[in-house]
Amino acid sequence: MCLALPACIVALLPDDMARIELDGVRKEISLSLVEGANVGDYVIVHVGYALQLLDPEEAAQTLALFAELASQA
Amino acid sequence: MKYVDEFRDGSLAQNLTDSIALEAQHSRAYRLMEFCGGHTHALSRYGLLGMLPANVQMIHGPGCPVCVLPIGRVDLAIRLALEYDVILCSYGDCLRVPASDQMSLFKAKARGGDVRMVYSALDALKLASNNPMRQVVFFAIGFETTTPPTASIIRQAQATGLTNFSVLCNHVLTLPAMEAILTRPDSVPLQGLVGPAHVSTVIGSQPYQAITARFHVPIVISGFEPLDLLQGILMLLRQVNEGRAEVENEFIRAVTPAGNRKAQALVDEVFEVRDSFEWRGLGSLPASGLKIRAAFAEFDAECRYPDLLYANVPDHKACECGAILRGEKRPQDCKIFGTVCTPDNPIGSCMVSSEGACAAHYTYGRFSEVKWF
Amino acid sequence: MSKSKSAYVRPLDIKHGRVDMSHGSGGRASAQLIETVFAAAFDNEYLRQGNDGAVLPLPPANSRLVMSTDAHVVSPLFFPGGDIGSLSVHGTVNDLAMMGARPLWLSASFILEEGFALSELQRIVNSMAQAAKAAGVTIVTGDTKVVERGKGDGVYISTTGVGYVQGVTSPSGDGARAGDAILLSGAIGDHGMAIMSQREGLEFDSAIESDSVALHELVAVMLATGAEIHVLRDPTRGGLATTLNEIARQSGVGMVLNEGSIPVHKQVLAACEFLGLDPLYVANEGKLVAICAEADVGKLLDAMRAHPLAPLAAVIGFVIADEACFVQMNTKLGGRRMVDWLNGDQLPRIC
């Protein structure tokens, strides 16, 4: 149920829809629950809807944190 | 897969588990609950449980919407399919949940009920548009992650003037369930909660402060990937060791303090909070579930089919799903786990859903019960 | 091949015609359908005799007969990388190949639904003929029945195959022994996800194609290495996980796999993620699992990787002693989990 995936918006479509892509697999989903999403943005997709935009800077920060632990260990 | 593979990296996982081992003090026993069924699934699927130190115990919580759905609600859906001849659309996991009289939606389909699996709420709407001569009912379940899509299709149905579409709403709320877990008099003492990932993208991190303030239990909202979970557990251990009880957000790439305001507003427009709602394992909880507002009554299956009255049906006598959902028992403590109750022949809902604790342990973890290494 | 001067009043309209009940009645219409569509495409000495059965030669000395059968109810009938026709040939050829046999002859029976387009039937039959030719097998006998509209799904095809296996031993499901290596010929999940991509309601676009192919030549190369191959099986319905669990139970052993060694194409992984599926349980139609003595891994793997059908061949794990017959897996994360039997069945018909 919690199945949600980050995917990249490759095209905006009419009626608040968008085409997203994940490693060459494309799907059409609804953007009606988010605002300001553009081509190139990553969104969290759940049951055919984008629920939230993914913040690339925060993602990088989180990964950097994991790697930091590596240098400490 | 970008933003997925990096968060499943094995060498980073090793570092995280090393840090966890260092942080977990030998003299203490840590009892942490992962609330969300998606986290339960991830812990088992990636073999994370075996990577944690022995004194860090993960207790499975009730954050699995299929698991907490009482038999009586599934019975309503089955009746709609068999007695009212509707097209009954449902997400996949609900299809095998055992209901009354040894029935399930899957079995209702075999008996001639028009039950259809959908992967998206939009599919249910499409079915209604494409089948104007039939009544279509969408069996909606889920926590706050899944509620906005249902709200969206109800609004869309109204905008397009669909007359053959309605929703049987079973949406539930996270915070009341968390409170119920923490307030039960016989409740299992928990030192921390791993907060749900995708629910939090919608509701934000701010609302959890009500829980930490009232119960003095730390909450760390963690992403869905295994590295997120490990990091979340590490952050919880640190809070416990330092005596803090704060809301922390590990899933910063998708969760903000306020959450998704647009989705929240849409949900608020279409739904209102029920006085009470029956939960498996938690009983009848006040203000814990949603119902469709009067303005959208024509899309409320409970209004369209007023003879469809909910009757409370207890679980199978031997089923321990209730206790498991409260974190009081583990799947392997249930007498019928793995013997009578298996994913092929589920007696209780926790064995059906891919997020259920029993299904997760049976499918991924039961080998650990037998000592081989 | 008799032409229109035969007993048929009108030629069959392949382009626009449809199957009707008379095509299954055994009379002239049936004969015309068989002649025009099936016999023409499959043309060979056995079919030309027009008898009820085909008389086949006995196996040579030191060889034994192997027989296998498969029914195909895949939906949709046409999918990226194949169709029900090619699938029905490859499926049975592969079953024989997994016994170490050289596939030689196939029978094909068709259950057609009233109203099915003859143009589609022709397409399927041509595809079967092509697949059979490429695999070096002959379709020597067959049957056609028609069911009323609504009682079928376009067409169901059942194929039975016969071949020869040399020698007295052949790979067998109960042959796995502790210490054996588990080899996989290539990336998993292609066929099942290709089918899924066509399924109404799921609607995802990708370049995923079914891997449906005949594996007998790859098997011949593998057997020719002289490696001690204990088990050969193709992971079809239920995927790799189901096949390994079957073998584990039949052989009374356990297995430990390495997730990182199991090849899966990126797009298949992504498609599985979207649908919440585990590639380990997704069907394949052009892959095989070989369990061999550990000492022979090197030469077997080299031979497989040199063959065009198995460039990604890999050792994915080992057989261990385990009374419980569990299949376990070391995850890429560094943890360990079980790989259980497929529980329930929410996938559409895929084979």
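Worth a mention:
- Restricting attention to the range B:90-112, the residues that are hydrophobic (A, V, I, L, M, F, W, C), more than 14 Å from chain C (Cβ to nearest Cβ) and either assigned to a helix (DSSP H, G or I) or surrounded by fewer than 18 Cβ atoms within 10 Å (Cβ to Cβ) (or both) add up to 1.
- C:Glu246 of a type in the set (Asp, Glu), in contact with a Cys (Cβ under 8 Å, 6 or more places away or on another chain) and at negative phi: no
- Flag if C:Ala283 is crowded, with 24+ Cβ neighbours inside 10 Å and at the interface with another protein chain (Cβ under 9 Å from one of its Cβ atoms): no
- Some residue of the range C:179-190 being under 30 Å from B:Arg116 (Cβ atoms) and not aliphatic (A, V, I, L, M): yes
- So C:Arg305, is it at negative phi, part of a strand (DSSP E or B) and without any contact (Cβ under 8 Å) to a residue 24 or more places away in the chain: no
- Residue match in the range B:41-56 (condition: within 30 Å of B:Phe139 (Cα to Cα), open to solvent by less than 10 Å² (accessible area, probe 1.4 Å) and in a helix (DSSP H, G or I)): yes
- Among residues of the range C:126-137 that are without any contact (Cβ under 8 Å) to a residue 60 or more places away in the chain, those with a Cβ under 7 angstrom from a residue that is hydroxyl-bearing (Ser, Thr, Tyr), sequence gap 6+ or separate chain, pair up as C:Ser127/C:Ser86.
- Taken over the range C:11-31, residues that are among the β-branched types (Val, Ile, Thr) and either over 12 Å from C:Ala117 (Cβ atoms) or open to solvent by 30 Å² or more (accessible area, probe 1.4 Å) (or both) amount to 1.
Each row is one residue, and each column tells you yes or no for (1) within 30 Å of C:Pro171 (Cβ to Cβ); (2) touching a Phe, Trp or Tyr at 6+ places or on another chain (Cβ under 6 Å); (3) open to solvent by less than 20 Å² (accessible area, probe 1.4 Å).
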site: C:Ala40; (1), (2), (3): no, no, no
site: C:Tyr46; (1), (2), (3): yes, no, no
site: C:Ala54; (1), (2), (3): yes, yes, no
site: C:Arg64; (1), (2), (3): yes, no, no
site: C:Met67; (1), (2), (3): yes, no, no
site: C:His72; (1), (2), (3): yes, no, yes
site: C:Ser86; (1), (2), (3): yes, no, yes
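- Residue in the range C:293-302 that is open to solvent by 20 Å² or more (accessible area, probe 1.4 Å), β-branched (Val, Ile, Thr), at pLDDT 95 or above and assigned by TED's automatic domain parsing to the domain that holds C:Phe204 present: yes
- Every condition in (1) surrounded by 15 or more Cβ atoms within 10 Å (Cβ to Cβ); (2) not assigned by TED's automatic domain parsing to the domain that holds C:Ile111; (3) not hydroxyl-bearing (Ser, Thr, Tyr) is met by C:Pro59 except one, and the failing one is (2).
- Members of the range B:40-74 that are away from chain C (no Cβ under 14 Å) and charged (D, E, K, R): B:Arg73
- Unique residue being surrounded by fewer than 23 Cβ atoms within 10 Å (Cβ to Cβ) and either modelled with pLDDT of 95 or more or touching a helix residue (DSSP H, G or I) at 6+ places or on another chain (Cβ under 6 Å) (or both) when the list is C:Gly189, C:Gly161, C:Gly173: C:Gly173
- Search result, residues across the range C:317-346 that are open to solvent by 10 Å² or more (accessible area, probe 1.4 Å), under 20 Å from C:Leu183 (Cα atoms), more than 8 Å from every other protein chain (Cβ to nearest Cβ) and assigned to a loop (DSSP other than H, G, I, E, B): C:Ala321, C:Cys325, C:Trp341
- Filter result for B:Asp315 (modelled with pLDDT of 95 or more, buried (at least 17 other Cβ atoms within 10 Å of the Cβ) and either among the acidic types (Asp, Glu) or outside the structural domain of B:Pro207 (by TED's automatic domain parsing) (or both)): no
- Subset of the range B:1-39 [acidic (Asp, Glu) and either at the interface with another protein chain (Cβ under 10 Å from one of its Cβ atoms) or surrounded by fewer than 17 Cβ atoms within 10 Å (Cβ to Cβ) (or both)]: B:Asp5, B:Glu6, B:Asp9, B:Asp18
- Matching residues in the range A:1-25 - criterion: being over 13 Å from the mean Cα position of the chain (by Cα), open to solvent by 10 Å² or more (accessible area, probe 1.4 Å) and farther than 21 Å from B:Thr145 by Cα: A:Ala11, A:Leu12, A:Leu13, A:Pro14, A:Asp15, A:Gly24
- Of all residues in the range B:286-297, those that are open to solvent by less than 50 Å² (accessible area, probe 1.4 Å) have Cβ atoms under 6 Å from Cβ atoms of residues that are part of a loop (DSSP other than H, G, I, E, B), 6 or more apart or on another chain, in B:Ser288/B:Leu173; B:Gly289/B:Arg274.
- Against the criterion of being farther than 27 Å from A:Leu65 by Cβ, open to solvent by 40 Å² or more (accessible area, probe 1.4 Å) and under 19 Å from the mean Cα position of the chain (by Cα), B:Lys262 does not qualify.
Rundown of residues vs (1) touching a helix residue (DSSP H, G or I) at 6+ places or on another chain (Cβ under 8 Å); (2) not hydroxyl-bearing (Ser, Thr, Tyr), yes/no style:
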| residue | (1), (2) |
| --- | --- |
| C:Asp278 | yes, yes |
| C:Tyr281 | yes, no |
| C:Val289 | yes, yes |
| C:Lys299 | no, yes |
| C:Ala310 | yes, yes |
| C:Gly317 | yes, yes |
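- Top-ranked residue of the range B:113-126 - restricted to ones that are open to solvent by 30 Å² or more (accessible area, probe 1.4 Å) and away from chain A (no Cβ under 14 Å), ranked as nearest to A:Leu5 (Cα to Cα): B:Arg116
- Taken over the range B:250-259, the residue count meeting the criterion of being over 16 Å from B:Leu175 (Cα atoms) and open to solvent by 20 Å² or more (accessible area, probe 1.4 Å) is 2.
- Within the range C:235-261, if we keep just the residues that are assigned to a loop (DSSP other than H, G, I, E, B) and surrounded by fewer than 20 Cβ atoms within 10 Å (Cβ to Cβ), the residue that is nearest to the chain's Cα centre (by Cα) turns out to be C:Arg237.
- Residues (more than 16 Å from C:Val221 (Cβ to Cβ) and open to solvent by 20 Å² or more (accessible area, probe 1.4 Å)) located in the range C:100-109: C:Leu104, C:Trp105, C:Ser107, C:Ser109
The values are calculated or read from the model by the stated rules, or taken from the named source; none is laboratory data. Computed from a predicted structure; not experimentally measured. A quick note on method: Cβ atoms are made from the backbone with ideal geometry, for glycine too, and the neighbour counts reach across all protein chains shown. Keep in mind that these areas ignore ligands, DNA and RNA; they rest on the heavy atoms of the full protein, side chains included. Shrake-Rupley method; radii C 1.70, N 1.55, O 1.52, S 1.80 Å.
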